[in-house]
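The next block holds one structure in the form of structure tokens; read it before the comments.
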Amino acid sequence: MTSDNREAHAAALAAATAEVSRYLDGRTTPRSSASPSALAAQTAAVDLSAPLGTLDKALEEVRELYLDHAVGYHHPRYLAHLNCPITIPAVAAEALATSVNTAVETWDQGTSACLIEQKLIDWVTALIGFEPAGPAARTPRPDGVFTTGGTASNLQGLFTAREDRLSRPAPGRDDAGDRCARLPGLRIVTGEHAHLSVVKAARLLGLAPDAVMTLPGVGDRMDPATLDRTLAALADAGHEVAAVVALAGTTDHGAIDPLRAVGEVCRRHDVWMHVDAAYGGGLLVSPTRRGLLDGIELADSVTVDFHKTFFLPVAASALLLRDGAGFRHSTVSADYLNPADGDDHAVDKSLQTTRRFDALKLWMTLRVIGADGIGRLLDDAIDVAARIGRTVEADAELELVRVPALSTVLFRPRPAGADGRPVSDDESDALVRPIRDALFAEGRSLVAATVVDGRPCLKLTVLDPNLADDDVAAVLSDVRGAARYLAQGMREATTAGVLT
């Protein structure tokens with residue numbers, strides 16, 4: 001876009017908005033029932049070497065290839081993953097940021113956008129309870145950087161922890177010693193329900209295949225006493241712990257580790273504490289549940305995903321450090337971009353170079369509905385999940401696996417057989433994935449599947465604060481109907497096998 005084609009730009013935005021309206025108005029289910037093979041054939045038939053020539057034709061094609069089949073996270077019967085409905089101010093911010101196309105890696109590219117991003121970083125670090133950065137530049141001085149998601153934030157947080165550990169003397173030595181020799185002995189300790197990004201980060205950071213140690217918990221939460229014993233045992237065995245990863249909202253359970261107790265253990269052992277609050281970070285602005293994050297201020301680094309429980313569009317995450325000096329480990333200077341004797345640059349803190357102005361959507365949402373408004377949305381979603389949990393618990397054909405901790409509901413199908421008795425545990429387990437797949441193929445109700453305590457179960461993820469009881473009832477009805485149908489089919493197949 002240039003100043004010469006601003007009319008075309010406005011027309012393009014209007015046309016795209018019209019397509020979005022058509023998508024929202026015409027969507028009666030969270031996804032179409034088109035098969036993967038049909039969609040693949042439709043996409044494969046496109047000849048990318050033959051342009052369509054007009055925006056109208058391209059939008060028509062995108063409608064047929066994408067919009068007609070895109071999964072609708074906004075739809076009230078989408079209850080599968082941690083995808084949230086998004087705020088209207090954030091949508092406006094996306095249009096602004098994309099149209100202006102600001103890159104926030106250096107001051108001479110981002111200017112005021114860099115200031116807005118830093119203002120938000122300071123705001124979030126204050127919410128966490130890190131020592132605020134004042135005019136006297138106290139040490140440690142908290143800082144942070146926006147990233148593309150929790151995986152990126154966790155990677156950089158654990159990278160920073162690794163570098164902090166290796167920059168200090170190893171136990172029994174007066175100097176940092178040989179980094180390569182120390183690397184195989186580094187360990188990351190976390191809970192059994194940690195996100196896959198912790199293991200992925202360990203691989204990318206060159207740690208040993210067994211570097212990530214997952215501790216059994218108590219009630220889905222890390223046990224501080226077990227952590228204390230483990231850290232002592234690792235030290236006795238000559239291992240160094242790069243970080244303890246505490247969880248503030250596990251993906252399946254929504255469980256939150258006892259952050260204060262974990263933090264106190266980490267401080268006694270002089271070990272870096274990283275809190276993965278990608279899911280639970282929205283509790284920072286909750287008017288009623290902020291206490292669930294008590295002790296998060298003891299962390300050395302924290303991951304927060306704004307595109308989950310702050311109700312922002314993908315992508316918007318951040319890594320926050322208690323001591324921003326830790327970002328020095330991510331800094332590489334280049335004369336053409338960020339000379340060492342130049343101004344402060346955001347690229348000095350980021351693993352990325354070019355970065356979108358994703359902070360604007362958080363800024364706009366805060367300035368329109370406020371932090372308390374965001375927090376109330378999350379509180380309402382958690383309340384909805386609690387009501388669903390009670391509904392499932394009272395349903396004779398469903399079995400509640402966990403009382404919801406945040407906004408996920410875990411349950412198993414228990415359809416009755418011809419004799420009126422519920423299916424066995426093995427039969428229930430065998431139904432879980434087929435139910436999920438059947439509902440996805442039909443497109444009417446979308447749920448997720450996972451494994452809890454070694455057994456498959458279904459999962460509803462609730463991030464819609466306005467989810468109506470009627471829509472919940474419809475989803476559960478679809479689950480029960482699919483369970484009955486599939487259970488009957490399994491019984492008939494078993495009977496046929498026995499008879500033959």
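For the reader, a short list of remarks on this structure follows.
- A count restricted to the range 328-376 and to residues that are without any contact (Cβ under 8 Å) to a residue 24 or more places away in the chain and of a type in the set (Val, Ile, Thr) stands at 2.
- Only listed residue being open to solvent by 10 Å² or more (accessible area, probe 1.4 Å), at pLDDT 95 or above and in a loop (DSSP other than H, G, I, E, B), chosen from ASP383, ASP395: ASP395
- Tally of residues being open to solvent by 20 Å² or more (accessible area, probe 1.4 Å), closer than 18 Å to PHE306 by Cβ and in a loop (DSSP other than H, G, I, E, B) across the range 66-101: 7
- Among residues of the range 256-273, those that are under 15 Å from LEU215 (Cβ atoms), within 22 Å of the chain's Cα centre (by Cα) and open to solvent by 10 Å² or more (accessible area, probe 1.4 Å), counted: 1
- Across the range 32-47, not a single residue is classified as touching a Pro at 6+ places or on another chain (Cβ under 9 Å) and on the phi < 0 side of the Ramachandran plot.
- Residues being part of a loop (DSSP other than H, G, I, E, B), open to solvent by 60 Å² or more (accessible area, probe 1.4 Å), free of Cβ contacts under 8 Å to residues at least 40 places away in the same chain and over 17 Å from GLU442 (Cα atoms) - total across the range 1-54: 9
- Pairs are defined by a Cβ separation below 7 Å, a sequence spacing of at least 6 or placement on different chains, a first member in the range 55-79 that is in contact (Cβ under 8 Å) with a residue 12 or more places away in the chain, and a second member that is open to solvent by less than 70 Å² (accessible area, probe 1.4 Å) and among the basic types (Lys, Arg); the pairs so defined are HIS69/ARG31; VAL71/ARG31; GLY72/ARG27; GLY72/ARG31; HIS75/ARG27.
- Scanning the range 326-348 for residues that are more than 15 Å from ALA113 (Cβ to Cβ) and among the charged types (D, E, K, R) yields a count of 4.
- In a residue-by-residue description of the range 145-157, the property of being modelled with pLDDT of 95 or more, assigned to a helix (DSSP H, G or I) and within 15 Å of ASP323 (Cα to Cα) applies to at least one position.
- Restricting VAL475, VAL447 to residues that are surrounded by 20 or more Cβ atoms within 10 Å (Cβ to Cβ), touching a residue at least 24 places away in the same chain (Cβ under 8 Å) and part of a helix (DSSP H, G or I) narrows the list to VAL475.
- Residue in the range 184-198 that is open to solvent by 10 Å² or more (accessible area, probe 1.4 Å), acidic (Asp, Glu) and touching a Lys or Arg at 6+ places or on another chain (Cβ under 7 Å) present: no
- Taken over the range 456-472, the residue count meeting the criterion of being open to solvent by less than 50 Å² (accessible area, probe 1.4 Å) and either of a type outside the set (A, V, I, L, M) or part of a strand (DSSP E or B) (or both) is 9.
- Subset tally (residues that are part of a loop (DSSP other than H, G, I, E, B) and buried (at least 20 other Cβ atoms within 10 Å of the Cβ)) for the range 403-413: 4
- Which listed residue, of ALA371, ALA340, is open to solvent by 20 Å² or more (accessible area, probe 1.4 Å), among the aliphatic types (A, V, I, L, M) and within 25 Å of ALA325 (Cβ to Cβ): ALA340
- Among the residues of the range 354-365, at least one is aromatic (Phe, Trp, Tyr) and open to solvent by 50 Å² or more (accessible area, probe 1.4 Å).
- Conditions (1) under 30 Å from ALA381 (Cα atoms); (2) of a type in the set (Lys, Arg); (3) in contact with a helix residue (DSSP H, G or I) (Cβ under 9 Å, 6 or more places away or on another chain); number of the one not met by ARG221: (3)
The values are calculated or read from the model by the stated rules, or taken from the named source; none is laboratory data. It should be emphasised that the depicted structure is a prediction, and the values quoted were computed from it without experimental measurement. We place every Cβ from the backbone using ideal geometry, glycine too, and count neighbours over all the protein chains shown. These area figures cover heavy atoms from the full protein model, side chains too; ligands, DNA and RNA do not enter into them. Shrake-Rupley method; radii C 1.70, N 1.55, O 1.52, S 1.80 Å.
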